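Asks: Sharing a structure below in structure tokens format, with a few things to ask.
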Amino acid sequence: MTGAPAIIDVHTHYVPNGWPDITAQAGPDAPWLRIESESEAMMMVGQKEFRRIQSNCWDAEVRLRDMDADGVQMQVVSPTPALFHYGRSGADAAKIAQIFNDLALDIVAPAPERFIPFCQVPLQDPDLACKELDRCLDNGHRGVEIGNHVGDADLDSGGVVTFLQHCAHRDVPVFVHPWDMPSSPRLDRWMAQWLTAMPAETHLSILSLILGGVFDRVDERLRIAFAHGGGSFPFWLGRMDNAWHNRSDVIGTSLHPPSHYTDRFYVDTVVFDDRALRLLVDTLGPANILVGSDYPYPLGERPAGNVVTSSPHLDEPTRSLITSGNARRFLGPSALPATG
């Protein structure tokens with residue numbers, strides 16, 4: 001990677017190497033880790049196998065070796081969304097969040113100059129969510145990852161907007177990750193939940209902030225980013241603008257068409273294809289795109305940022321913005337490590 005631009009990867013996940021029994025808070029389908037060797041485990045949900053994981057989920061030394069191999073200077077380290085538990089009571093979800101947030105700090109502790117920890121919160125209860133965010137910021141977290149909905153409530157629901165306002169007030173970056181995708185026989189084949197429902201969920205979440213009027217109401221200091229290239233949103237921006245102009249009676253409460261708001265949020269580069277990256281740059285603008293890899297999962301990108309560093313269509317100033325410049329602006333000085 002000699003001569004390649006230093007990368008700040010805003011989309012990676014962790015899973016601790018075990019945690020206390022949370023069945024009392026999470027119910028019979030509580031996640032737990034079935035350790036199979038020093039370097040491998042099976043993440044369980046109740047008695048069902050959920051995902052096989054490796055030590056790169058919890059071992060800082062392994063992560064650092066991979067980062068060095070990929071030319072990654074810093075990683076944002078966020079929870080795996082299966083740990084959110086928005087369907088439980090706020091009090092139960094708060095206890096779960098505290099456990100995993102504290103374990104996350106143990107994972108990143110060996111290299112504070114390289115890792116940027118993001119916490120999770122009980123988003124179903126805005127008061128408890130704000131309280132847990134404040135606790136985590138005091139303890140060393142630098143941002144927050146949230147799921148893209150709470151049950152049937154999208155990001156324009158009152159409680160979520162209250163939390164986003166608090167994030168803006170605290171100058172905290174927010175990373176939105178799709179989770180809890182719809183399930184049906186049609187989506188149970190071919191990983192279709194990940195290949196079709198996940199992009200659609202992300203699209204819907206961005207649309208809820210726009211057509212729900214959130215960007216017109218929330219403090220402009222809010223810094224919010226969406227995973228997986230913004231899902232299908234960039235491809236359908238023209239259709240959404242057309243609907244806003246021609247069906248204003250039903251389209252929502254935003255003051256402007258959707259294209260007006262593309263500078264209010266960021267998306268990552270987990271799109272794997274230079275043609276998709278070109279669409280992001282052309283549609284959302286080069287200043288609103290961040291390198292993400294979805295490390296360490298199999299559907300992630302390795303080397304991290306390869307779609308950006310290998311693109312023949314980016315000039316060097318744009319490439320530098322996407323690899324690190326935009327991330328520094330998204331994260332803000334308070335979120336970046338002191339030596340970064």
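The values are calculated or read from the model by the stated rules, or taken from the named source; none is laboratory data. Here the structure is a predicted model, which means the values were calculated and not measured. Counting neighbours? That spans all protein chains shown, and the Cβs are built from the backbone with ideal geometry, glycine included.
Asks: Residues that are touching a residue at least 12 places away in the same chain (Cβ under 8 Å), small (G, A, S) and surrounded by 15 or more Cβ atoms within 10 Å (Cβ to Cβ): find the strands (runs of 3 or more DSSP E) completely inside region 31-70 holding 1 or more of those.
Replies: Filter on region 31-70 gives 40-45.
Asks: Right, another one. In region 111-141, which residue that is touching a Phe, Trp or Tyr at 6+ places or on another chain (Cβ under 8 Å) and either assigned to a loop (DSSP other than H, G, I, E, B) or of a type in the set (D, E, K, R) (or both) is farthest from C57 (Cα to Cα)?
Replies: Q124
Asks: Also, I was wondering about something else. Within region 282-318, how many residues are aliphatic (A, V, I, L, M) and over 26 Å from D216 (Cβ atoms)?
Replies: 6
Asks: Go through (1) under 21 Å from V291 (Cβ atoms); (2) in a loop (DSSP other than H, G, I, E, B); (3) in contact with an Asp or Glu (Cβ under 8 Å, 6 or more places away or on another chain) one by one and return the number of the condition S232 breaks.
Replies: That leaves (3) as the condition not met.
Asks: Given the condition in contact with a helix residue (DSSP H, G or I) (Cβ under 7 Å, 6 or more places away or on another chain), free of Cβ contacts under 8 Å to residues at least 40 places away in the same chain, under 30 Å from M191 (Cα atoms) and not in a helix (DSSP H, G or I), answer yes or no: does some residue in region 304-317 qualify?
Replies: For region 304-317, residues in contact with a helix residue (DSSP H, G or I) (Cβ under 7 Å, 6 or more places away or on another chain), free of Cβ contacts under 8 Å to residues at least 40 places away in the same chain, under 30 Å from M191 (Cα atoms) and not in a helix (DSSP H, G or I): present.
Asks: Being within 23 Å of A335 (Cα to Cα) and either modelled with pLDDT under 95 or among the basic types (K, R) (or both) narrows it down to one residue among R34, R114, R88, R52; which is it?
Replies: Matching residue, one of R34, R114, R88, R52: R114.
Asks: Taking the condition of being of a type in the set (A, V, I, L, M) and free of Cβ contacts under 8 Å to residues at least 40 places away in the same chain, how many residues in region 242-261 meet it?
Replies: Counting residues in region 242-261 that are of a type in the set (A, V, I, L, M) and free of Cβ contacts under 8 Å to residues at least 40 places away in the same chain gives 2.
Asks: Out of all the residues in region 97-108, is one or more buried (at least 21 other Cβ atoms within 10 Å of the Cβ), within 30 Å of G230 (Cβ to Cβ) and free of Cβ contacts under 8 Å to residues at least 40 places away in the same chain?
Replies: yes
Asks: Within region 142-198, take every residue that is β-branched (V, I, T), at pLDDT 95 or above and in a helix (DSSP H, G or I) and give me the one that is surrounded by the fewest Cβ atoms within 10 Å (Cβ to Cβ).
Replies: So, considering only residues that are β-branched (V, I, T), at pLDDT 95 or above and in a helix (DSSP H, G or I), the one surrounded by the fewest Cβ atoms within 10 Å (Cβ to Cβ) is T162.
Asks: Here is a follow-up. Taking the conditions exactly as written (without any contact (Cβ under 8 Å) to a residue 60 or more places away in the chain and under 23 Å from V176 (Cβ atoms)), does A287 satisfy them or not?
Replies: yes
Asks: Something else: Residue under question is T253, and the condition is that it be over 17 Å from the mean Cα position of the chain (by Cα), polar (S, T, N, Q), closer than 30 Å to D216 by Cβ and surrounded by fewer than 16 Cβ atoms within 10 Å (Cβ to Cβ); does it hold?
Replies: Spelling it out, T253 is indeed over 17 Å from the mean Cα position of the chain (by Cα), polar (S, T, N, Q), closer than 30 Å to D216 by Cβ and surrounded by fewer than 16 Cβ atoms within 10 Å (Cβ to Cβ).
Asks: Report yes if A94 is part of a helix (DSSP H, G or I) and buried (at least 20 other Cβ atoms within 10 Å of the Cβ), otherwise no.
Replies: Spelling it out, A94 is indeed part of a helix (DSSP H, G or I) and buried (at least 20 other Cβ atoms within 10 Å of the Cβ).
Asks: Okay, moving on. Can you tell me which of G90, G71 is more than 20 Å from the chain's Cα centre (by Cα) and closer than 29 Å to D152 by Cβ?
Replies: Just one listed residue meets the conditions, G90.
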